Amino acid sequence: MKIDDYPRVHLAHLPTPIEDAPRLAKRYGLSRLLIKRDDQTGLTGGGNKARKLEYLMGDALAKGADVILTDGGPQSNHARMTAGAARKLGLDVRLVLAGPDFDEFQGNLLLDVLLGAEILFLRDKDVPEMEDGMSRIAEELRAQGRTPYIVPIGGSTPVGALGYVRAMEELRGQIGDEPVQIVLAVGSCGTFAGTVLGAKIHLPQAQIHGISVSSRNERIYRRTTEIANETARMIDAGITVDQTDFHPYDRYFGTAYGIPTEAGNAAILDAARLEGLLLDPVYTGKAMSGLADLARTGVLDPSRPVVFIHTGGVPGLFAFHGEFQDQAVCRKQ
Ligand SMILES: Cc1ncc(COP(=O)(O)O)c(C=O)c1O
């Protein structure tokens, strides 16, 4: 099959803009820094998941689904956008979330509530327990005559990755086949896998750098090649992705997923104050701090353009308001 043969529903505002960030480029010693604004995909607050969901929801509708299930952390952008996609298509939505307990429905969780997602929260549990939870709920729904569709964590399946193969085709239309250096945040690897495969097809001169927000490099190499090669098979791409096609970095996420870092928070302030650009502490702030370090240490070639894929996450920022209180310059009278 060709990529055009896969069912897709229109959910994202595409093409997303690409913008110069000249002051941030100067700060990081780069000749040119471009921001691919995938935070502006629309769909209940924007982000990379809208591209994956176009294909995942296409698949769900083709299979007759009437209720969508997915999982993630309490501040999951993926869960929020999946809930938004389900509602936009008139479907029900159930979320199984897990992680440290939370005090308030803020950030993405607030949006999940507005979207009417029914949430099962598994305190201090992890991915396997969430997967069990989704299977149980799906069974109950089937017994009631419903047709559930499970979107695995992060939407990081070969079907979801099709969205980023398309994104690289879109980027090529915007910048031509320049030897750019692409930098993006890597979580469950679907966005990275689609980007690596899409670049191999559409931007063969590009170098792809992934800043991990959670996993060690070994896992990223494995998951990214697995997903990319399955996606390549699905669309008869006739190419194979291997570990030389991309560069993962697992030294910028700090102690753990979701725990802000000093360098990530500094990058958030740089982007906001130099460019009016909002990043978040879980994904894009850490990814930008990685970009800054790769530029400083000469891993990125300063004479070649760098494209930062802004994968979104801004709704999550509001759950971290405590991180930035000391930055306030506010005179009350
Ligand atoms: C804002 C943001 N950036 C990056 C990612 C990473 O994408 P992936 O899980 O496909 O690696 C996510 C995933 O949840 C995200 O929400």
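In a solvent-free Debye calculation with one equal scatterer on each Cα, what is log10 I(q)/I(0) for the stretch 227-333 at q = 0.10, 0.11 Å⁻¹, listed in the order of the q values? Rounded to two decimals, the profile gives -0.40, -0.48.
Ranking Phe192, Ile150, Ala117 by how far each Cα lies toward the positive end of the dipole of the stretch 104-217 (charges on Cβ) leaves Phe192 at the top.
When the chain is treated as a Gaussian network with alpha carbon springs shorter than 10 Å, the biggest mean-square fluctuation among Gly107, Gly290, Gly64 belongs to Gly64. Highest mobility in the GNM of the chain, judged by mean-square fluctuation with C-alpha springs under 10 Å and restricted to Val93, Val113, Val314, is found for Val113. Start at zero, step by 5 Å, and the Cα-Cα distances of the stretch 104-183 spread as 3, 10, 13, 15, 17, 14, 10, 8, 7, 3, 1 percent across the bins.
Rg of the Cα atoms in the stretch 49-155, relative to 2.2 N^0.38 Å, amounts to 0.98. Tell me, rounded to the nearest percent, the portion of alpha carbon pairs in the stretch 141-230 spaced more than 15 Å apart. Beyond 15 Å sits 60 percent of the P(r) for the stretch 141-230.
For the chain, what number results from the quotient of the Cα radius of gyration and 2.2 N^0.38 Å? In units of the 2.2 N^0.38 Å rule of thumb, it is 0.96. Working note: Karplus 6.51/-1.76/1.60 with θ = phi - 60° gives the stretch 183-198 the couplings 10, 8, 6, 10, x, 8, 6, x, 5, 4, 4, x, 5, 5, 5, x Hz, where Gly and Pro are set to x. When peptides 276-289, 139-152 are sorted by average Cβ neighbour count within 10 Å, with the highest value leading, the order is 276-289, 139-152.
Every number in this text was worked out from the coordinates using simple rules, so none of it is lab data. The structure displayed is predicted, hence computed values, not measured ones. Here Cβ is always computed from backbone atoms with ideal geometry, including for glycine, and neighbour counts include all displayed protein chains.
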